[in-house]
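In what follows, a structure is listed as structure tokens, so that the remarks can point back to it.
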Amino acid sequence: MVKERDEEGHVKRLTGAKDVMTRLLEDISMSDTPPEDRVVDLLELLQFGRSSSAVKFEKMLNQNVDGRIYGQYVFNGAGQTHRWSARGIQTHNLPRAYLENELDVLDMVAAQVPIERLRKIGPVAATLAKLIRPTIIAPEGKTLVWADYSAVEARVVAWLAKSRSAEEAVLTPFRNGDDLYLLNAEAIFNIPQKVLAERLAEKDPDAKAMRQAAKVAVLALSYNGGVGAYKAMARGYGMRMSTEEAQIIVDGWRDRNRWARQIGEKIQDAMFSAMRQPMSYFPAGRVNYIYAPDLLGGTLVAMLPDGRPIVYPMARIVKQEKFGQMQDTITYQNGMGRSSMWRGLALENLSQAAAAGLLRDAIVRVETTETEGQIIGHTHDEIVMEAPVESAREFAERLVQAMVSGFEWTEDLP
């Protein structure tokens, strides 16, 4: 927690930053000599007490109009990827964790029970965070119907690679109906996929943790990330592991998925070739790069399979120090500052933008063909609707069909 020391080594400043608390609690959970309970309680308070959960409840109260909230989405708000961004209660970033007895806990909060009773459930702020999703309900006579694209980024990034290696490692298992995350868990932990699936069906927490570790590997490492990227994403899923454990997972995944590094290198080559030969197209998998010197001060453009462009304005090739030596790097204007491009970031932009294209087209299709229900929300891969209770099952089936029927530009995407 030490932020600054004086010349004699005495502590001058401490920090209670949430990410610092997360790392400390991670270290404590793996320590053979953890501090006493009251120290852990303090760290949890500093971690969760600074969260945005209480603010979300306040915004719900302040922004609702007759029980509904509006204006929570910003079309094209997420920079290069064209995804919606969120405002207000930030529907894209609601906590995933939930309480088995959430209705009982909601009643306790509504009844304003003494806070000590809530503490018996867990850290109060963490408990409140788990109650945010249950506050969103359907009006009387209707129910919420939802569908999401399963493992959409894992599918899209391999599809964009357009290689035999990606086909064999990722797309064929999806077409066969396999669980890609269980396949990777089988390789990582040397436990047959069938056994893991049976243990998952029995709600075995260890099997769930193994699948989660494999899921993080697929999401983080597909974008050419390393141990740091894997551990950072793992923390977001509430997972704790040592650097040594993470390195074993990373090395094994890379050996089984060489397509990811290959498409990353193709993208890097295409970007630099486009910068050095303006107005010429350079392919990388299913994407084409072109540099337009007269657009926005010189713009690097990635043309997506659905015809939309990702733009990097005022793009330049500059020398930057990486790994102890000066290297050519593409930089571009990003808001009020400049950002550096590298192959992993470019690949992530492409995958998320293509997945956003799927959601966009699906929303248009549902809006123009479905008369019974109403779209009330969405995330990066999910559509949420209200439908009459009596016809919800049939409505859900139509929603799924509308989302998975595919479009002209999604050929061979499972």
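The values are calculated or read from the model by the stated rules, or taken from the named source; none is laboratory data. Since this is a predicted model, take the numbers as computed values, not measurements. Virtual Cβ from ideal backbone geometry, glycine too; neighbours counted across all protein chains shown. For the accessible areas, the whole protein counts, side chains as well, though only heavy atoms, and no ligand, DNA or RNA atoms are used. Shrake-Rupley method; radii C 1.70, N 1.55, O 1.52, S 1.80 Å.
Return the pair list, or none, for Cβ contacts closer than 9 Å from residues in segment 258-275 that are under 12 Å from Tyr223 (Cα atoms) to residues that are of a type in the set (Lys, Arg) and in a helix (DSSP H, G or I), at least 6 apart or on different chains.
Every condition considered, the pairs that remain are Trp259/Arg164; Ala260/Arg254; Arg261/Arg254; Arg261/Arg343; Ile263/Arg343; Gly264/Arg343; Glu265/Arg343; Ile267/Arg343.
Inspect all residues belonging to segment 133-150 and state whether any of them is under 30 Å from Arg343 (Cβ atoms), in contact (Cβ under 8 Å) with a residue 40 or more places away in the chain and open to solvent by 50 Å² or more (accessible area, probe 1.4 Å).
yes
Conditions (1) among the charged types (D, E, K, R); (2) at pLDDT 90 or above; (3) open to solvent by 20 Å² or more (accessible area, probe 1.4 Å), marked per residue:
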site: Leu183; (1), (2), (3): no, yes, yes
site: Pro192; (1), (2), (3): no, yes, yes
site: Glu198; (1), (2), (3): yes, yes, yes
site: Gln212; (1), (2), (3): no, no, yes
site: Tyr230; (1), (2), (3): no, no, no
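With respect to Ala315, determine if the residue is in contact with a strand residue (DSSP E or B) (Cβ under 7 Å, 6 or more places away or on another chain) and open to solvent by less than 20 Å² (accessible area, probe 1.4 Å).
Here the answer is yes, as Ala315 does meet what is asked.
Please enumerate the residues belonging to segment 30-77 that are farther than 17 Å from Thr91 by Cβ, of a type in the set (S, T, N, Q) and open to solvent by 80 Å² or more (accessible area, probe 1.4 Å).
Within segment 30-77, just Thr33 meets the criteria.
Looking only at residues in segment 56-78 that are touching a helix residue (DSSP H, G or I) at 6+ places or on another chain (Cβ under 8 Å) and assigned to a helix (DSSP H, G or I), which one is modelled with the lowest pLDDT?
Only one residue fits best here, namely Phe57.
Quick one: count up the residues across segment 151-170 that are of a type outside the set (S, T, N, Q) and surrounded by fewer than 20 Cβ atoms within 10 Å (Cβ to Cβ).
So the answer is 6.
Testing Thr143 on (1) in contact with a strand residue (DSSP E or B) (Cβ under 9 Å, 6 or more places away or on another chain); (2) of a type in the set (S, T, N, Q); (3) farther than 29 Å from Ile363 by Cβ, one condition comes back false. Which one is that?
Among (1) in contact with a strand residue (DSSP E or B) (Cβ under 9 Å, 6 or more places away or on another chain); (2) of a type in the set (S, T, N, Q); (3) farther than 29 Å from Ile363 by Cβ, the lone unmet condition for Thr143 is (3).
For Ala392, are the conditions met, namely being more than 26 Å from Leu221 (Cα to Cα), open to solvent by less than 50 Å² (accessible area, probe 1.4 Å) and in contact (Cβ under 8 Å) with a residue 60 or more places away in the chain?
For Ala392, the condition - more than 26 Å from Leu221 (Cα to Cα), open to solvent by less than 50 Å² (accessible area, probe 1.4 Å) and in contact (Cβ under 8 Å) with a residue 60 or more places away in the chain - is met.
Of the numbered conditions (1) under 29 Å from Leu94 (Cα atoms); (2) of a type in the set (A, V, I, L, M, F, W, C); (3) modelled with pLDDT under 95, Ala354 fails exactly one; give the number of that condition.
Only one criterion is unmet by Ala354, namely (3).
I'm checking my understanding of the structure. Among residues of segment 78-113 that are basic (Lys, Arg) and farther than 18 Å from Val311 by Cα, which one is surrounded by the fewest Cβ atoms within 10 Å (Cβ to Cβ)?
Filtering first and then ranking leaves Arg96.
Just checking, how many residues over segment 326-372 are open to solvent by less than 10 Å² (accessible area, probe 1.4 Å) and more than 22 Å from Met303 (Cβ to Cβ)?
2
How about segment 201-308: which helices (runs of 4 or more DSSP H) wholly inside it have at least 3 residues that are under 23 Å from the mean Cα position of the chain (by Cα) and under 30 Å from Ala362 (Cβ atoms)?
205-221, 227-236, 258-276
Based on what the data block shows, is Lys120 more than 30 Å from Pro313 (Cβ to Cβ) and in contact with a strand residue (DSSP E or B) (Cβ under 6 Å, 6 or more places away or on another chain)?
no
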